[in-house]
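Everything on this sheet refers to the single structure shown next.
The values are calculated or read from the model by the stated rules, or taken from the named source; none is laboratory data. Quick caveat, the model's predicted, so the values are computed rather than measured. Reconstructed Cβ throughout: ideal geometry from the backbone, glycine too, with neighbour counts over all protein chains shown.
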Amino acid sequence: MPRKKIEPDDKDERKIIDIKTQKPVDKKTSIVCKTIRKYREELGIEQKELGARIGVSGNAVCNWEKGYTRPDINLLPRICDALGITLYELYDIDDPLLRYTAGEQMLIADYRDLTKSHQYVLNKTLTALKTAEAVDECPDIKKLILFERTLAAGIGDPTEFDDKGDPIYVYSNSLIKHADCVFYVNGDSMEPNFLSGDMVLVQRFPDCGSIQPGEIGAFITHNETYIKEYQEDGLHSLNKSYPTMAFDDDDSVYFIGKVIGLLDPYEDIASEEDIQKYQRVYGDD
């Protein structure tokens, strides 16, 4: 909290002569002299002790405080360190970086009067409030997993899908909030609804529930990953030039999840600025 400013009295208006230069000392030097005495007395130390901290004699400090001499400019940082003040406080001027309103000064004073345990509680409350404000400012973003290899390769049980993927941050909406991952479409077998290069949103099994006839899903079979329409007789392509993928009892077909829609790479992928806001609130996990 900014300390009370030193108000000059009539005595401060008189001119003080520097015994070294025999020139009048300006008013700011008289303020510095008075400030040194003020903060020394607040610390409860003698002039001799202050001088020892600065590296001068007690008489030198006495002469400063009486205005007979002024400190060498090179000593000002030491004086500030010894008194625990800033140069702004030494010259009794406002620090432009620390301008508090009267209400803020009262809050700081009240905080200093609290016990350590109550200060701890208040610090925690302030941290929670700052986090809440950051959450309010953060766009509604969801982190999904993007599988770079497209719907083209996968081995074994999809619960142990070997492509770990990379995180992709997207703006959440009523559709995206149900998605878990994103795949690229490869090929034209699902035209016209899904084009090669499209990014499809997939809700993973078991959260998506069992796939029903007529629904589009992501599947693994014969070490390949496909986007297909499920029917009881097999996996169908929307492009009728492709035959149905039928399976017998010896074939293994694994269901990864349901395709619930398309991701617009221009509208849905979060900006770098918004991703940074998200990560500041929620971290990288």
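Within segment 74-133, the set of residues being of a type in the set (D, E, K, R) and part of a helix (DSSP H, G or I) comprises R78, D81, E89, E104, D110, R112, D113, K116, K124, K130, E133.
Within segment 220-230, the set of residues being modelled with pLDDT of 90 or more and of a type in the set (A, V, I, L, M, F, W, C) comprises just one member, I227.
Every residue, every condition in (1) modelled with pLDDT of 85 or more; (2) surrounded by 15 or more Cβ atoms within 10 Å (Cβ to Cβ); (3) over 40 Å from the mean Cα position of the chain (by Cα), yes or no:
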| residue | (1), (2), (3) |
| --- | --- |
| G44 | yes, no, yes |
| A52 | yes, yes, yes |
| S57 | yes, no, yes |
| E65 | yes, yes, yes |
| R70 | yes, yes, yes |
| T86 | yes, no, no |
| A132 | no, no, no |
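Consider segment 177-198 and keep the residues that are in contact with a Ser or Thr (Cβ under 7 Å, 6 or more places away or on another chain) and not in a strand (DSSP E or B). The one that is surrounded by the fewest Cβ atoms within 10 Å (Cβ to Cβ) is D188. Please indicate, with yes or no, whether at least one residue in segment 171-186 is modelled with pLDDT under 90 and of a type outside the set (F, W, Y). The answer is yes; a qualifying residue exists.
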